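A.B. asks: I have a structure I would like to understand better, so I am pasting it below and will then ask my questions one at a time.
Derivation of every value follows stated rules applied to the coordinates shown; laboratory data play no part. Source: prediction; values computed, not measured. Positions of Cβ are generated from backbone atoms using ideal geometry, with glycine treated the same way; all protein chains shown enter the neighbour counts.
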């Protein structure tokens, strides 16, 4: 490991964070990991990470601090709560929040760090666990050009980064991404359910329409999950629900009405209410099937995460 490279602190070692942290370690980045459930951070020790007992300990002396936490409330608590890590971040460091959080929160955090001479980027990602594993995430950066350029070596190990505007813009880009993802998951689920209910083979219908205007990664990947009825999570439904709620709230604050996003929010809320919180977000199919029983896509048994 190249010790001349500045050490990074990585806060949040979940489904995404664990894979992203491993890619940074593989690229030679010295890294200290922290997670509320320490056992998840401990899993990185074999890959060369140092494991910290607290978030404040992890960020002390780090040149770069990366957060990959469940939501904006978690980011705010870990950084600025009663035992928050922000006070232990050194002046001159770079903080990169790669979580999905409200744009207004990102702007607030940018101001708070700037007042202490600390660069800040909101840089949420898209690509799911497969993209995190393969190091080809789409990274949406919000902040100054100079901070974005400082982050380039970090981003190079994680995927393809684009600076989309000032602080908060990365989170806006992620919300735009999630509108497309959530609505398209619903559209694919409805299309396959319609095909099955009418007597067509939904797997063959999916193959037939791939390559046409309906082609998308959601049809390719999530459509296949629906055909296989494999709902072991890559991206979990309750995170999609959280993003949909942020989309609708952000739209209302901007004076917009987004009916497709509002419908997706209602569908994901019902999926979670009916027990699907930790299912893959492609399990929106199950909510549509519940509303249209006994209609069903295929005959395979459901593969669901352990309770």
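A.B. asks: Have a look at the DSSP beta bridges in segment 8-166 and tell me what percent are antiparallel, nearest 5. Intermediate results must be reported in sequence, preceding the final value.
C.D. replies: Details: 3 of 27 bridges.
Rounded to the nearest five, the antiparallel share is 10 percent.
A.B. asks: In terms of the Cα gyration tensor, with a ≥ b ≥ c the square roots of its eigenvalues, is segment 8-166 rounded because a/c is under 1.5, prolate because a/b exceeds b/c, or oblate?
C.D. replies: On the way: a/c = 1.44, a/b = 1.10, b/c = 1.31.
It comes out rounded by the Cα gyration axes.
A.B. asks: Could you tell me how far the Cα centroid of segment 1-63 sits from the Cα centroid of segment 68-103, in Å?
C.D. replies: 15 Å
A.B. asks: With just the Cα atoms defining each centre, how far is segment 265-307 from segment 114-168? Give it in Å.
C.D. replies: Between the Cα centre of segment 265-307 and that of segment 114-168, the gap is 33 Å.
A.B. asks: Apply 1/(1 + (r/R0)^6) to the Cβ-Cβ distance of residue 230 and residue 252, taking R0 = 25 Å, and write down the FRET efficiency to the nearest 0.05. Don't skip to the answer; put the middle values down first.
C.D. replies: Working: r = 35 Å, r/R0 = 1.41.
For R0 = 25 Å, the calculated efficiency reads 0.10.
A.B. asks: So what's the angle, to the nearest 10 degrees on a 0 to 90 scale, between helix 259-271 and the longest Cα principal axis of the chain?
C.D. replies: 90 degrees
A.B. asks: So, one more: Under 19 Å from a point 7 Å along the Cα-to-Cβ line of residue 208: which residues of segment 176-194 have their amide N that close?
C.D. replies: Hits in segment 176-194 for residue 208 at 19 Å: 187-194.
A.B. asks: Exposure proxy check: 222, 281 ranked by fewest other beta carbons within 10 Å?
C.D. replies: Working: 222 25, 281 28.
Lowest count first: 222, 281.
A.B. asks: What angle, in degrees between 0 and 90 and rounded to the nearest 10, separates the Cα long axis of helix 103-114 from the longest principal axis of the Cα atoms of the chain?
C.D. replies: Value to nearest ten degrees: 10.
A.B. asks: Just check segment 122-228 against the gyration tensor rule for me: Cα atoms, a ≥ b ≥ c as the square roots of the eigenvalues, rounded for a/c under 1.5, and otherwise prolate or oblate depending on whether a/b exceeds b/c.
C.D. replies: Because a/c hits 1.5 or more and a/b exceeds b/c, segment 122-228 counts as prolate.
A.B. asks: Counting only DSSP beta bridges with both residues in the chain, tell me the antiparallel percent, nearest 5.
C.D. replies: Of the beta bridges lying entirely in the chain, close to 15 percent run antiparallel.
A.B. asks: Continuing with the same structure: Could you work out the helix-only [θ] at 222 nm for the chain, with each DSSP H run of four or more residues adding -39,500 (n - 2.57) and the total divided by the number of residues, to the nearest 500 deg cm²/dmol?
C.D. replies: Details: 14 runs with 142 residues, N = 307.
Dividing the helical sum by the residues of the chain leaves -13500 deg cm²/dmol.
A.B. asks: Hey, another quick one. Kirkwood hydrodynamic radius of the chain from all distinct Cα pairs, in Å? Write down the numbers at each step before the final one.
C.D. replies: Details: mean 1/r = 0.0496 Å⁻¹.
Result for the chain, one decimal place: 20.2 Å.
A.B. asks: So how tilted is helix 15-26 from the main axis of the chain? Cα-based, degrees 0 to 90, rounded to 10.
C.D. replies: 50 degrees
A.B. asks: From the square roots a ≥ b ≥ c of the eigenvalues of the alpha-carbon gyration tensor of segment 43-95, which class results: rounded (a/c under 1.5), prolate (a/b over b/c), or oblate?
C.D. replies: In terms of gyration-tensor shape, oblate.
A.B. asks: If you take the beta carbon distance between residue 38 and residue 262 as r and set R0 to 41 Å, what does 1/(1 + (r/R0)^6) give as a FRET efficiency, to the nearest 0.05?
C.D. replies: Numbers: r = 39 Å, r/R0 = 0.96.
Computed FRET efficiency for residue 38 and residue 262: 0.55.
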